[in-house]
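For reference, the structure discussed in these notes is given below.
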């Protein structure tokens, strides 16, 4: 297991442990409470709902090509439809979006810190994944990279 994956695994375990503490024994992390306006907390709920919808769309688009492990199978094709039409790594975007949503809903500084920490290793993980995909799909993937954003759609000016 490489360092970014280990880092992400540790952060995710700590994140879920903190969520359970927040739910079961909230006084233990009361020191991290933020007084966020209710509108911001509702925005977090909207982000979570958006994330769930995006995740369903991603899984539908991937179909049988979904794999929890970072590897390319013989029958894999480069997916450029659905959310992958604009973003190369929409599933990672959803993970980051959902962790931010939980932070806003919980109104807790510790959850915001975890949302940031969860985002960091995805930069390294996507670089590794993109090297694998470039090796597998060559120019097709390089062309795809030029027209899509890594985590968010590219914003292009109209000429």
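Please treat every number below as a calculation from the coordinates, not as lab data. It should be emphasised that the depicted structure is a prediction, and the values quoted were computed from it without experimental measurement. As a convention, Cβ positions derive from the backbone with ideal geometry for all residues, glycine included, and neighbour counts pool all protein chains shown.
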Task: At R0 = 41 Å, FRET efficiency that the Cβ-Cβ distance of residue 137 and residue 30 yields, to 0.05 - done: 0.25
Open item on the list: I need the calculated FRET efficiency for the pair residue 85 and residue 9, taking r as the beta carbon distance and R₀ as 30 Å, to the nearest 0.05.
Closed with: 0.50
Open item on the list: Among 145-156, 112-123, how do they line up by average Cβ neighbours within 10 Å per residue, starting with the highest?
Closed with: 112-123, 145-156
Task: Protection proxy ranking of 47-56, 82-91 - average other beta-carbon atoms within 10 Å, highest first - done: 82-91, 47-56
Open item on the list: Let's test the formula: R0 of 25 Å, r as the Cβ-Cβ distance of residue 72 and residue 147. What FRET efficiency results, to the nearest 0.05?
Closed with: 0.75
